[in-house]
Amino acid sequence: MAPRRVLLIAYAFPPAGGAGVQRITKFVKYLPQHGWLPSVLTVANPSVPVFDSSLARDVPSDTVVERAITWEPGYGVKAAILPGAEAAGAGRQVVDRLKALARGVAKAALQPDPQILWVPQAIRVGRRLLAETRHAAVLATAPPFSSFLAGVALARRARLPLVLDYRDEWALNSRYEENRQHGSVLAGLNNRIQKATVRAARAVIATTRGSAAALERVCREASSAARVVHIYNGFDPDDFVEPTDPEPRTSSYRLVYAGTLWKLTTCQPLVQAALELSSRFPELAARLELVFVGRRVRSEEALLARLGGKGLKLTLHPYLDHSQALMMLRTASCNCLLQADLPGSERVVSAKLFEYLAARRSILAVAPRGEVWDLLADHPQAHCFEPGDVQGIVGWLAGELGRYRPGGASPTAQGDLTLFSRPHQAGELAELLDSVSG
C-alpha cells in the first residue's frame with residue numbers, strides 16, 4: 001500500500017523544548033516506517049518558556065513543516081503579568097492591580113488558552129496545505145487545547161477524520177497548570193468547548209490507561225462516538241545507543257531529577273526527607289548529591305534554598321538540551337521521579353519516567369499510588385514511596401548511602417522495554433490512523 005499522509009497540528013514543536021515536543025517529533029520520525037507520511041502545522045514564533053533546537057534532529061529533512069504566526073506576546077511579557085511576578089517599590093500596589101486587571105481581561109477573552117491567538121493563522125495556513133496536498137487524516141495534539149479547535153476546523157472543511165492526542169487531560173491541565181486560575185464560569189465554558197471538540201473526533205488518544213478512562217467519560221457525556229485509546233510516552237532507542245558508563249563520575253551518590261518543578265511535581269517531600277537525613281545522619285548526608293535539571297517555578301526555588309548549609313551537595317542546572325539531560329540520567333546513581341498527591345494525579349505518568357527506565361539505573365519514585373506504581377511494579381531497581389511517607393524516603397536514602405562505595409559500579413536494571421519504545425508507539429498510532437481513515 002502506498003504511504004498515506006496525515007496532518008499533525010502541534011504548537012509544541014522544535015525549536016520549542018520540553019517533553020511534549022519530544023512526543024510529536026518522535027511520531028514524525030517513526031511514522032514513515034509504518035506507512036504514514038506526516039505533514040506538520042506548527043507555530044512560527046512560539047511563546048514558550050524553553051527552547052531546544054537539538055530536538056529538530058529527529059525531524060526528517062524531507063518532512064513538510066508549515067509555520068503560522070501567532071499574535072501572542074512573548075513568554076517574558078506574559079510571565080510579567082502572571083501571578084507571582086513581583087513588583088517593587090511604592091508603586092507595587094498599583095502595578096499589582098493593573099496586572100490583576102490585565103489577567104482578568106485576558107483570562108476571560110483568551111479561551112481555552114492564550115494560544116487561541118495562533119488559531120486563525122493556523123487555520124489559514126492549514127487550509128492552503130490541505131488544498132495543495134492530499135491527506136488522509138488530521139491529528140491535533142494538545143496542550144495548548146486551542147490546537148484542537150484548529151484541528152476541528154481543518155478536518156471538517158477537508159472532510160477528513162480527526163484524531164485528538166491528549167498529552168494532558170483538559171480538566172487536570174486547567175486545574176493545575178502554572179498560573180492558571182479558572183472560576184466556575186470559565187471552567188464550564190471549557191467543559192462545553194471540550195465536549196464540542198470530542199464530538200467532532202473519530203478517535204481520542206490519552207497517554208495513560210487512567211486518563212483514557214477519564215476521557216471515555218468525557219466522550220460519553222458529550223455523546224461522542226470517538227474511539228478512546230492510550231499510547232504511552234516513551235523513549236527512543238537511538239538516544240541510548242552508547243553503552244552507559246557503570247562507573248560513577250563523582251565520589252557522591254548522585255540522585256538526579258530531570259524536568260520542570262512546579263505544583264504537580266513539587267520537590268517538597270524530597271527536601272523534607274533530605275533535611276531530616278541531614279539532621280539524623282549527617283555523615284550519610286555528606287555522601288549525597290541532589291541534582292535538579294530543568295525549569296523551576298519560584299516556590300520550588302524557595303524550597304531548594306532550604307537545603308543550603310545542610311551538609312549535602314545541591315547541584316542546580318537550568319533546562320538542558322535533550323542529549324545533555326540524557327547524559328545526566330545515564331551517569332546518575334539513581335534517578336528521581338516526583339509527583340504531588342493531588343486529585344487526579346494518580347493517573348498521570350511523567351514522560352521522563354520512560355527515559356529513566358531506558359537509562360537502566362535505579363529509580364526513586366515519590367508519587368501517589370496509581371499508574372506510576374503499576375508501571376514500576378516489575379522494575380527490579382524501582383523504589384516507590386507516597387509523597388506523605390517522608391520517613392520511608394529517609395530510611396531508603398540512609399540505606400542507599402550506607403551501602404554506597406565511591407568508585408564502585410552502580411546497579412543496572414534489565415528488562416524488555418519494547419512496549420515503551422518510540423518506534424513501537426508510532427506503530428500503534430499508525431494502526432489507529434489506519435482504522436479511522438478506512
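Output yes when any residue across the range 164-175 is touching a Lys or Arg at 6+ places or on another chain (Cβ under 7 Å) and at pLDDT below 95, and no when none is. Steps first, answer last, please.
Residues of the range 164-175 touching a Lys or Arg at 6+ places or on another chain (Cβ under 7 Å): 167, 174.
Then drop every residue that is not at pLDDT below 95, which leaves 174.
Yes, the range 164-175 has at least one match.
Would you confirm whether or not the range 354-372 contains a residue that is within 26 Å of residue 28 (Cα to Cα), without any contact (Cβ under 8 Å) to a residue 60 or more places away in the chain and within 18 Å of the chain's Cα centre (by Cα)?
yes
In the list 266, 208, which residue meets the criterion of being among the β-branched types (Val, Ile, Thr), surrounded by fewer than 22 Cβ atoms within 10 Å (Cβ to Cβ) and either closer than 17 Å to residue 393 by Cβ or touching a Lys or Arg at 6+ places or on another chain (Cβ under 9 Å) (or both)?
Working: 208 fails: surrounded by fewer than 22 Cβ atoms within 10 Å (Cβ to Cβ).
After ruling out the rest, the residue left standing is 266.
Could we say that residue 371 is outside the structural domain of residue 17 (by TED's automatic domain parsing), within 18 Å of residue 235 (Cα to Cα) and in contact with a Phe, Trp or Tyr (Cβ under 6 Å, 6 or more places away or on another chain) here? Please lay out each step first, then the result.
Details: outside the structural domain of residue 17 (by TED's automatic domain parsing): yes; within 18 Å of residue 235 (Cα to Cα): yes; in contact with a Phe, Trp or Tyr (Cβ under 6 Å, 6 or more places away or on another chain): no.
No: the conditions fail for residue 371.
Could we say that residue 223 is more than 25 Å from the chain's Cα centre (by Cα), in a loop (DSSP other than H, G, I, E, B) and touching a residue at least 60 places away in the same chain (Cβ under 8 Å) here?
No, not satisfied.
Identify, by number, the condition in (1) surrounded by 14 or more Cβ atoms within 10 Å (Cβ to Cβ); (2) at pLDDT below 95; (3) not hydroxyl-bearing (Ser, Thr, Tyr) that residue 202 doesn't meet.
Unmet condition: (2).
Take the residues of the range 385-418 that are more than 25 Å from residue 313 (Cβ to Cβ) and at pLDDT 95 or above: which is farthest from the chain's Cα centre (by Cα)?
388
Look at residue 357 and say whether it is assigned to a helix (DSSP H, G or I), crowded, with 19+ Cβ neighbours inside 10 Å and in contact with a Gly (Cβ under 9 Å, 6 or more places away or on another chain). Please lay out each step first, then the result.
On the way: assigned to a helix (DSSP H, G or I): yes; crowded, with 19+ Cβ neighbours inside 10 Å: yes; in contact with a Gly (Cβ under 9 Å, 6 or more places away or on another chain): yes.
Yes, satisfied.
The values are calculated or read from the model by the stated rules, or taken from the named source; none is laboratory data. Note that the structure is predicted; figures quoted are calculated from it, not measured. Cβ coordinates were reconstructed from backbone atoms using ideal geometry, including for glycine residues, and neighbour counts include every protein chain displayed.
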